[in-house]
Amino acid sequence: MKKNEKLKQEKSGYENLQSGIRNLKMPEIEVWENMYSDKDYWIDMDVPEFTCICPKTGLPDFAVFNIKYQPQKYCVELKSLKYYINAYREVGIFHEHATNKILADFCRAVKPKEALITGIFNLRGGIKTTVSARYKRDK
């Protein structure tokens, strides 16, 4: 068997580590009614103490998240967002999946006009990773 053929047959050690991540149950993100839904404005929040676990090594990952959104009918309740974010401390999740999962859960709860979530992860092996995910509501 040729070397290239052997490499194609071997599965990555990362295979299936995140297969259930979209359905992962996390604490509920609560909202409150926006009395200025007729206005066009943005809310910008920084989460400087995000932590999760590398699903491959089991080592902790650290990041700063920025959540920027344009509210519609609802605004996020900050205490519930804090509990939601803190729940990731025990979750083995890739940086890209964490950012997209936070965006999906945030938008499902808050239903913003638009949202941009950016995760700036600390150096790992000399590489700094920044992941951004955007949501824009259909008009």
Inset, instruction - Could you please find all residues in segment 65-90 being closer than 21 Å to Tyr36 by Cβ, of a type outside the set (Lys, Arg) and touching a residue at least 40 places away in the same chain (Cβ under 8 Å)? - result: Ile67, Tyr69, Gln70, Pro71, Gln72, Tyr74, Cys75, Val76, Glu77, Ser80, Leu81
Legend entry - Subset of segment 85-119 that is within 9 Å of the chain's Cα centre (by Cα) and hydroxyl-bearing (Ser, Thr, Tyr) - its residue that is nearest to Thr130 (Cα to Cα): Thr118
Inset, instruction - Test Lys25 against the criterion of being free of Cβ contacts under 8 Å to residues at least 12 places away in the same chain, out of contact with any Leu (no Cβ under 6 Å at 6 or more places or on another chain) and either surrounded by 14 or more Cβ atoms within 10 Å (Cβ to Cβ) or among the charged types (D, E, K, R) (or both), and give yes or no. - result: yes
Legend entry - Number of the condition not met by Ala115 [criteria: (1) surrounded by fewer than 18 Cβ atoms within 10 Å (Cβ to Cβ); (2) closer than 25 Å to Asn34 by Cβ]: (1)
Legend entry - All positions within segment 43-54 that are of a type outside the set (A, V, I, L, M), touching a Phe, Trp or Tyr at 6+ places or on another chain (Cβ under 7 Å) and either free of Cβ contacts under 8 Å to residues at least 40 places away in the same chain or not in a strand (DSSP E or B) (or both): Thr51
Inset, instruction - Among the candidates Thr57, Thr129, single out the residue that is of a type in the set (Val, Ile, Thr) and either exposed (fewer than 13 other Cβ atoms within 10 Å of the Cβ) or in a helix (DSSP H, G or I) (or both). - result: Thr57
Inset, instruction - Return yes or no: is Lys68 assigned to a helix (DSSP H, G or I), over 18 Å from Asn23 (Cα atoms) and either modelled with pLDDT of 95 or more or touching a strand residue (DSSP E or B) at 6+ places or on another chain (Cβ under 6 Å) (or both)? - result: no
Inset, instruction - For Asp40, indicate whether it is of a type outside the set (Phe, Trp, Tyr), assigned to a strand (DSSP E or B) and at pLDDT 90 or above. - result: no
Inset, instruction - Return a yes/no flag: does segment 65-77 have any residue that is surrounded by fewer than 19 Cβ atoms within 10 Å (Cβ to Cβ) and under 11 Å from the mean Cα position of the chain (by Cα). - result: yes
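The values are calculated or read from the model by the stated rules, or taken from the named source; none is laboratory data. Please read these numbers as outputs of a predicted model, since none were measured by experiment. So basically every Cβ, Gly included, is an ideal-geometry build from the backbone, and we count neighbours across all protein chains shown.
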